[in-house]
Every structure is written in structure tokens, then in C-alpha cells.
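The values are calculated or read from the model by the stated rules, or taken from the named source; none is laboratory data. The shown structure was predicted, so the numbers you read here are calculated from the model rather than taken from an experiment. We place every Cβ from the backbone using ideal geometry, glycine too, and count neighbours over all the protein chains shown.
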Amino acid sequence: MKKDILTVPNPKLRQKTQKVHIIDDSVRRVIQKMVAASLDWEKSHPHEVSAAMAAPQIGEPYKIVIIRDDLEDKNNQGFTALINPEIVKKEGQIVKDYEGCLSVPRIYGMVPRNSKVRLKAQLENGQEIRLKVADSLARTLQHEIDHIHGILFIDHIKGNEDAFFELDKNGDLQPLDYAQDIKYNKDLWPDEE
């Protein structure tokens with residue numbers, strides 16, 4: 001199933017998505033496929049947790065994200081689907097922290113994000129919800145909602161030479177050489193000259 005997760009430079013990751021108008025069995029199948037792909041990816045990444053995913057990451061052009069019920073616990077394999085999620089308001093301080101992405105293999109970034117956000121979405125049963133979230137949950141949801149707009153975390157740090165890292169075999173983050181590994185990397189920015 002790991003092959004189901006699209007990675008850069010796949011152009012589908014840069015496309016905007018469609019609103020879900022009816023939550024039916026086809027939408028539920030997309031959600032199930034997202035959860036299965038997330039858990040399958042995690043099996044081959046011992047130092048990482050698949051915290052969340054957006055539908056474009058499996059090639060589905062819909063405004064759907066899934067988020068793990070416990071962002072830190074690999075043993076808790078429950079996810080909640082948010083349909084048509086939308087950030088209503090960004091609040092709090094801008095905080096830099098590490099982010100990775102299933103669709104950007106081996107690269108991590110020190111990404112600035114708001115520490116708090118308010119959002120609205122629908123649950124899988126159609127219930128409309130409004131949430132106020134903070135810290136790692138706010139960061140994760142901003143990352144995933146970016147995906148449904150064709151934005152990747154690397155776009156927020158492009159040109160920042162000290163913001164790119166990779167995970168070594170021990171699970172520790174090591175800085176990448178921006179000029180060598182990032183700046184002219186056609187997988188990350190295929191349209192750049």
C-alpha cells in the first residue's frame with residue numbers, strides 16, 4: 001500500500017481539491033484507504049508516526065483529512081476524518097517546529113505556524129463541528145489543510161537555508177546542505193529553473 005501514497009514531484013500534490021457535497025460510501029472508502037495507507041507507511045518507518053493525511057496524498061482530489069486520535073501513540077491506530085475542513089481564524093504566536101510529510105520522503109523542515117487555529121469541518125456522519133485547537137494539533141491540521149490547497153510544508157521554508165533536515169538511521173534529525181540537497185532539487189520544485 002505504500003505505493004498508494006503520492007510523493008513529490010507528483011503534480012496531483014499541487015492541485016486544489018473539490019468540496020465534498022454528499023458523504024456517501026465512496027467518500028467512506030476514500031477515508032478507509034487513507035487510514036490503511038497511513039498505517040501501512042508507518043510499519044516501514046520505525047522512528048516516525050503517521051499523524052495525519054490529506055486525500056490528495058493518495059491521489060483523491062477531495063477536501064478530506066484524517067488525523068490520528070493520539071498524535072504521539074503508534075499503538076492507538078484510530079483516526080478521525082474531517083471533511084471540508086476550513087481554517088476560520090489563525091491565532092496565537094508564530095512558532096517554528098519540525099514537520100515531515102509522507103509525500104516528501106526523508107526531508108523534514110523547521111516550519112513557522114500559528115500556535116492556535118479555529119476551524120470548521122464535517123465529521124464522517126455529516127455532523128458539522130467547530131474546533132479551537134492549539135500546539136501540535138493546530139500545526140498538524142494547518143499542514144493537512146495546506147495539502148487540500150496544493151501547498152506542501154516545504155513551500156513555507158523555501159529559501160531558508162537552515163530549515164531543512166533529514167532523519168538519520170537512529171531517528172535523529174540532521175541538517176541538510178541547502179545548496180546541495182534542496183535548492184536545485186527538481187523533485188521538490190519541478191517548475192523551477
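Values as computed for the structure displayed
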quantity: Criterion: in a helix (DSSP H, G or I) and not hydrophobic (A, V, I, L, M, F, W, C) - qualifying residue of 142, 174; calculated: 142
quantity: Count - residues of region 88-110 that are crowded, with 21+ Cβ neighbours inside 10 Å and of a type in the set (A, V, I, L, M, F, W, C); calculated: 3
quantity: First in region 58-85 and closer than 17 Å to residue 125 by Cα, second anywhere and among the acidic types (Asp, Glu) and outside any loop (DSSP other than H, G, I, E, B), Cβ under 6 Å, 6 or more apart; calculated: 65/144
quantity: Which listed residue is within 23 Å of residue 15 (Cβ to Cβ), surrounded by fewer than 18 Cβ atoms within 10 Å (Cβ to Cβ) and at pLDDT 95 or above, from 129, 145, 151; calculated: 151
quantity: Residue satisfying all of: in region 18-43; among the polar types (S, T, N, Q) and under 19 Å from residue 126 (Cβ atoms); farthest from the chain's Cα centre (by Cα) among these; calculated: 26
quantity: Count - residues of region 44-63 that are crowded, with 16+ Cβ neighbours inside 10 Å, of a type in the set (Gly, Ala, Ser) and either assigned to a helix (DSSP H, G or I) or over 13 Å from the mean Cα position of the chain (by Cα) (or both); calculated: 1
quantity: Test: residue in region 25-43 that is in a loop (DSSP other than H, G, I, E, B), touching a helix residue (DSSP H, G or I) at 6+ places or on another chain (Cβ under 8 Å) and of a type outside the set (Phe, Trp, Tyr); calculated: no
